[in-house]
Amino acid sequence: MIQEGFASPEDLRWKCRRCRVHLELAPVTVTYLDQEFSADLPRCPVCGLVLISEDLALGKMAEVEQILEDK
Amino acid sequence: MDQQSLRDLESRCIQEEPAPCRAACPLHVDARAFCGRVAAGDWPGAWQVLRRGMPLPAILGRICDAPCQASCKRDEAGGTIRIGALERACVQTPAPAPPRTMRLPARGGSVAVCGSGLSGLTAARDLALKGYAVELFEPGTVLGAPLLEAFDARRLPPAVVDDEIAALTPLLKAVHLGARLSQTETIEELGHHFDALYLDLAAVGTPTRDRHLWADDESSAMTRGILGGGDTPSPVLQAAQGRWAATTIDRRLQKVSITAGREGEGAGPTRLFVSLAQIEPSPPVAMADAAAGYTAAEAVAEAGRCIQCQCLECVKVCAYLERFGSYPRQYARQIYNNAAIVMGARQANRLINSCRLCGLCTEICPEDFPMADLCLQSRRDMVARGKMPPSAHEFALLDMQFSLGERFALARHAPGSNHSVHLFFPGCQLCASAPAQVAPVYSHLRRVLDAPVGLMLGCCGAPAHWAGREALYQEVRADWRLQWEAMGRPEVVLACATCLEMFRDHLPEVPARSLWHVWAQSPLPELAAPPPEAPLAIHDPCTTRHTPAVQDAVRHVLNRCHIPFEELELGRRRTECCGYGGLMQNANPQLAQEIVRRRAARSPSDYLAYCAVCRDNLAAVGKRTIHLLDLFFPSGEHPDPAGRPRPGWSRRRENRQRLRRDLLADLWRERSPDLTPHPDIHLHVAPAAAQRLETRRILIEDLQEVIHQAETSGQVLEHPDTGRLRASARIGHVTFWVEYAPAEEGGYTVFNAYSHRMEVAR
Ligand SMILES: [Zn+2]
């Protein structure tokens with residue numbers, strides 16, 4: 001459902017403060033109501049910290065949440 | 001809900017009942033739709049409407065006696081629509097190409113139709129289309145002879161009759177002109193020869209009036225298969241009798257019930273309610289040439305007077321019912337289907353969860369359609385089956401938990417007293433909105449009531465009830481009751497109309513009355529300022545709809561203080577909910593916003609509310625609204641109480657929490673700990689972010705928790721250019737994100753926050 005990558009160039013400018021590296025797109029599993037999805041999201045290559053951008057959270061993600069809630 | 005209860009429910013919404021004109025027509029021609037087409041100048045469309053209801057429309061349209069007109073609602077506002085004249089105007093326009101006649105395959109039954117008046121022609125046509133071998137017998141020299149005799153050529157030109165008959169005859173097996181039908185024996189013989197026989201009594205001779213020979217179209221008494229009809233001066237009734245006879249003959253030949261499902265046949269009453277409240281009177285359009293009838297332009301104007309009878313009384317007053325584009329009968333079906341879905345999207349979830357449960361529609365409905373009951377019951381079903389969207393009510397339920405928790409809930413006998421005869425329960429929302437009013441109201445109550453008044457802070461459980469969370473509500477109710485018993489079962493005084501409604505409906509053993517009721521019978525506190533000069537428009541909370549005594553008490557208090565007031569048109573029993581009811585605000589915030597805007601626009605006067613949520617919701621859309629308590633105990637912070645802004649979500653929690661601590665300290669001399677989870681994390685919320693926190697329902701506490709976790713774990717993102725930080729934390733079922741930076745003056749500046757419910761797998 002959200003297989004496509006979700007990151008603007010701006011999202012990838014964020015750095016993991018602890019690991020001092022830039023985020024990179026990597027496959028991340030997200031879950032909701034017992035459903036699992038995989039999507040390429042900005043993620044710290046060292047510790048795995050993930051960024052969910054505002055656009056993704058309020059856009060596609062909210063849409064999918066709604067669909068799953070109404071299933 | 002089972003099929004039967006769905007049907008019972010559907011039948012209580014009368015919107016799909018026929019318009020009075022259609023109900024009064026023996027053929028149920030849809031005159032409302034017809035007028036609609038004519039008014040739009042759509043003559044082919046108007047033709048189609050006539051064709052759907054009328055056999056031989058070119059003929060009947062010219063001679064129809066329009067019994068519909070007698071029941072036209074327009075009669076009460078200028079004069080009935082001249083539907084008969086409009087029919088004539090229509091059928092004089094060129095007929096659009098007829099739809100291909102759908103003739104059923106031959107059914108192997110033979111029918112003789114005697115007489116080619118309107119009823120005979122109609123019966124012959126209908127039976128031929130049903131697949132029977134129909135032979136038409138006419139004593140005259142041409143088919144349609146009785147019609148040509150009865151109407152002059154100007155009203156019914158012979159060519160028109162010829163055309164309709166020319167279209168009909170190819171459907172018939174045979175036509176017999178000059179048939180000798182005046183002898184009983186002839187009829188008897190035909191009866192032996194055919195499987196069924198129809199006598200057009202307007203067209204055949206006297207012997208057929210021998211009632212031993214034929215039966216009325218109605219009964220299984222039609223033992224001999226001979227049926228008669230058309231013996232009436234009304235052309236449309238003649239046609240209808242021919243049509244009903246065809247149905248009877250068809251059923252007899254198919255050996256099925258003659259009568260089943262035919263209750264609605266013929267002219268009858270309708271339950272459709274039509275309000276003329278907004279209809280300006282207008283007289284019928286005159287004809288320039290009465291003999292020629294309406295010109296096309298005159299007809300369009302006359303049809304434009306049709307008020308297009310509908311009920312929709314509930315939809316007119318409820319933006320929610322309007323928003324979903326239909327009316328309760330359809331909603332009941334959608335809600336029923338929603339529950340039946342096994343796979344796929346439950347598209348009515350939002351419909352079910354957006355209702356305010358305020359009952360205005362039921363109050364307005366001529367048949368008391370119970371929309372609120374339907375939605376509430378559906379919510380309970382959804383919860384029971386685990387199908388309630390988790391996000392629908394969560395924020396409100398968490399807020400309820402807050403009110404029930406250690407940071408707000410409280411129960412104490414009055415200071416210095418060891419029992420309570422009365423108990424003041426201000427409710428959660430007054431404390432959230434205007435906490436400074438609670439202590440003075442409580443102190444006034446203790447002065448005017450002659451026995452000890454305890455105090456209880458908490459929540460009545462309405463959010464759980466509205467959310468359909470029955471088990472949770474029962475828990476809240478039981479806990480409340482235990483506390484009340486522990487207080488010695490005092491009489492309860494309530495500042496909130498919702499609490500009062502909840503107690504009345506679910507805790508009938510608890511004696512409870514409204515604060516306003518107590519005030520109405522007691523010395524009043526002093527007005528803080530001289531009465532306003534302009535009258536205040538009273539906004540009654542929807543939960544007082546069925547407690548006029550509370551509404552009266554408020555007016556009584558206003559009168560005693562000489563506060564001028566006026567009534568809103570939708571007030572008292574017909575008052576509108578502010579959008580809080582039924583948790584609409586949670587499930588559908590945009591719609592709730594629109595609804596409160598509408599309410600705010602009902603009068604230019606300042607409003608007077610006596611529910612804290614109503615006041616705040618109206619204030620939030622910029623409507624100047626004063627709470628009744630503001631007149632006596634204005635907030636020091638805002639000198640103009642009608643302009644006092646609505647406290648935001650975080651402030652509403654803070655207010656409750658602080659109120660509890662202040663009351664304990666001031667009245668009971670008890671020190672209590674500050675239970676805010678991270679009081680040491682000071683946040684400065686940028687103004688743009690503050691508005692977002694409100695619409696996104698994110699609390700300062702949530703932000704504090706995120707920052708606390710981030711700063712403890714070090715799991716933070718950093719922007720190399722701006723130096724801003726971004727972090728998230730899972731709180732309950734929601735992941736909150738905050739963009740922030742340490743502030744120079746200490747603490748943190750918050751630039752943005754958002755949330756999602758999906759969870760990143762670890
Ligand atoms: Zn890292």
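Here, each number is a calculation from the coordinates, and none is a lab measurement. All of these numbers come straight from a predicted model, not from anything done at the bench. Reconstructed Cβ throughout: ideal geometry from the backbone, glycine too, with neighbour counts over all protein chains shown.
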Legend entry - Nitroxide proxy distance, nm - points 7 Å out along Cα→Cβ at residue B:406 and residue B:77: 6.4
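R0 = 56 Å: FRET efficiency of residue B:694 with residue B:177, Cβ-based, nearest 0.05?
So, using R0 = 56 Å, E works out to roughly 0.05.
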Inset, instruction - Only loop residues by DSSP count here, and only those with at most 16 other Cβ atoms within 10 Å; note down the GluC sites (Glu not before Pro) in the range B:363-471 that meet that. - result: B:367, B:406
Inset, instruction - Quick one: order B:517, B:733 by neighbouring beta-carbon count within 10 Å, fewest to most. - result: B:733, B:517
Inset, instruction - State the answer as a single residue: which of B:165, B:123, B:600 lies farthest towards the positive end of the charge dipole of the protein assembly as shown, with beta carbon charges of +1 for Lys and Arg and -1 for Asp and Glu, about the Cα centre. - result: B:600
Inset, instruction - Take every Cα pair under 8 Å in the range B:683-756 that's 6+ residues apart, average their separations, divide by the length, and report that relative contact order as a whole percent. - result: 36
Legend entry - Leading residue at positive end of dipole, the range B:110-254 (Cβ point charges), from B:137, B:249, B:192: B:249
Inset, instruction - Taking 7 Å along the Cα-to-C-beta vector as the label spot, tell me the residue B:385-residue B:662 distance in nanometres, rounded to one decimal. - result: 4.8
Inset, instruction - For residue B:73, list the lysines whose Cα falls under 28 Å from its own Cα; do not include residues on the same chain fewer than 8 positions away. - result: B:316
Inset, instruction - Determine the dipole magnitude for the range B:390-675: charges of +1 sit on the beta-carbon of Lys and Arg, -1 on that of Asp and Glu, nothing else is charged, the reference point is the Cα centre, and the result goes in debye to the nearest 20. - result: 140
Inset, instruction - On a C-alpha basis, how far is the centre of the range B:414-441 from the centre of the range B:517-576 in Å? Whole number, if you could? - result: 21
Legend entry - Segment residue B:669-residue B:598, extension gain: residue separation times 0.36 nm, minus the distance between their alpha carbons: 20.9 nm
Legend entry - Cβ-placed point charges (K, R +1; D, E -1), dipole of the range B:683-756 about Cα centre in debye, nearest 20: 320
Legend entry - Members of A:15/A:60; A:71/B:387; B:130/B:255 lying beyond 19 Å, as alpha-carbon distances in this model show: A:15/A:60
Legend entry - Farthest positive-ward along the range B:313-384 dipole, Cα basis, beta-carbon charges - from B:338, B:358, B:321: B:338
Inset, instruction - Let me have the relative contact order for the range B:356-453, percent, based on Cα pairs under 8 Å that are six or more residues apart. - result: 19
Legend entry - Added length on full extension, which subtracts the Cα-Cα distance from 0.36 nm per residue, residue B:152 to residue B:640: 167.7 nm
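Which loop trypsin sites (Lys or Arg not before Pro) in the range B:662-752, with loop taken from DSSP, have no more than 11 other Cβ atoms within 10 angstrom of their Cβ?
Those that pass, being in a loop and sparsely packed, are B:669, B:671.
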Legend entry - Span per principal axis, largest first, for the Cα atoms of the range B:529-626 (Å): 40, 28, 22
Legend entry - Helix-only CD estimate at 222 nm, as mean residue ellipticity for chain B, using -39500 (n - 2.57) per DSSP H run (n ≥ 4): -12000 deg cm²/dmol
Inset, instruction - Mind sorting B:562, B:444, B:465 by how few other Cβ atoms lie within 10 Å of their own Cβ, fewest first? - result: B:562, B:444, B:465
Legend entry - Within straight-line cross-link reach of residue B:173, aspartates and glutamates at Cα separation under 19 Å, skipping those fewer than 8 residues along the same chain: B:126, B:135, B:138, B:162, B:163, B:164, B:189, B:195, B:200, B:250
Legend entry - Magnitude of the charge dipole, the range A:11-69, Cβ model with Lys/Arg +1 and Asp/Glu -1, debye to 20: 640
Legend entry - Simple spin-label estimate for residue B:275 and residue A:26 in nanometres, 7 Å along Cα-Cβ: 6.3
Legend entry - Gap separating the Cα centres of the range B:165-179 and the range B:59-84, nearest whole Å: 33
Inset, instruction - Compute the relative contact order of chain B as a whole-number percentage, counting only Cα pairs closer than 8 Å that sit 6 or more residues apart in sequence. - result: 10
